[in-house]
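Colleague: I have a structure I would like to understand better, so I am pasting it below and will then ask my questions one at a time.
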Amino acid sequence: MDEQKKIEHQIELATRAAALVRDESTGHRFRSFAEELKRKLRRMMRRGQVRSRAYELWEQAGRPADRELEFWLEAERQLEEEREERKSPDASSKG
């Protein structure tokens, strides 16, 4: 997670710099940079979640050989489905 901490620190610095500079164009560049770093961090975290879920699915299936892509895609599908369920306004009323 060393890379994650580094990116979080860069986001913090870019956000601070954007607030401190007087030139609007420079401030905009710092804010854009911070947003780009946030997207990178989210992608990184998603990959870790997919990797973990795929490994879990692979183990549950008895650790079969040569099916990495199948488990990776299933893990992506499951996590996306869970994200959509959390975003859905109906999600809070189900239960």
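Colleague: Output yes when any residue across the stretch 78-92 is surrounded by 13 or more Cβ atoms within 10 Å (Cβ to Cβ) and hydrophobic (A, V, I, L, M, F, W, C), and no when none is.
Modeller: For the stretch 78-92, residues surrounded by 13 or more Cβ atoms within 10 Å (Cβ to Cβ) and hydrophobic (A, V, I, L, M, F, W, C): present.
Colleague: Which of the residues spanning the stretch 64-91 are in contact with a helix residue (DSSP H, G or I) (Cβ under 7 Å, 6 or more places away or on another chain), closer than 27 Å to Asp2 by Cβ and of a type in the set (Asp, Glu)?
Modeller: So the first thing to find is which residues in the stretch 64-91 are in contact with a helix residue (DSSP H, G or I) (Cβ under 7 Å, 6 or more places away or on another chain), and the list is 71-72, 74-76, 78-79, 91.
After this cut, where a residue has to be closer than 27 Å to Asp2 by Cβ as well, the list is 71-72, 75-76, 79.
Glu76 - this is the single residue of the stretch 64-91 that is in contact with a helix residue (DSSP H, G or I) (Cβ under 7 Å, 6 or more places away or on another chain), closer than 27 Å to Asp2 by Cβ and of a type in the set (Asp, Glu).
Colleague: Residue under question is Ala61, and the condition is that it be touching a Ser or Thr at 6+ places or on another chain (Cβ under 9 Å) and either over 22 Å from Glu3 (Cα atoms) or among the charged types (D, E, K, R) (or both); does it hold? Write out each step before concluding.
Modeller: On the way: touching a Ser or Thr at 6+ places or on another chain (Cβ under 9 Å): no; either over 22 Å from Glu3 (Cα atoms) or among the charged types (D, E, K, R) (or both): yes.
So Ala61 fails the test.
Colleague: Pick out, from the stretch 1-91, the helices (runs of 4 or more DSSP H) lying fully within it that include 3 or more residues that are of a type in the set (Ser, Thr, Tyr). Talk me through it step by step, then tell me what you get.
Modeller: Details: elements: 2-20, 24-60, 68-87.
Those helices (runs of 4 or more DSSP H) span 24-60.
Colleague: Ok, one more. Considering the stretch 15-65 alone, what residues qualify as being among the acidic types (Asp, Glu) and within 22 Å of the chain's Cα centre (by Cα)?
Modeller: Of the residues in the stretch 15-65, the ones among the acidic types (Asp, Glu) are 23-24, 35-36, 56, 59.
The answer is Glu35, Glu36, Glu56.
Colleague: If I ask for residues that are surrounded by fewer than 14 Cβ atoms within 10 Å (Cβ to Cβ), free of Cβ contacts under 8 Å to residues at least 12 places away in the same chain and not polar (S, T, N, Q), which ones from the stretch 22-50 would you list?
Modeller: Arg22, Asp23, Glu24, His28, Glu35, Glu36, Arg39, Arg42, Arg43, Arg47, Gly48
Read-outs throughout are calculated quantities, based only on the coordinates presented, and are distinct from any laboratory measurement. This one's a predicted model, so the numbers in the text were calculated from it and none came from an experiment. Don't worry about glycine lacking a Cβ; one is built from the backbone with ideal geometry, like all the others, and counts go over all protein chains shown.
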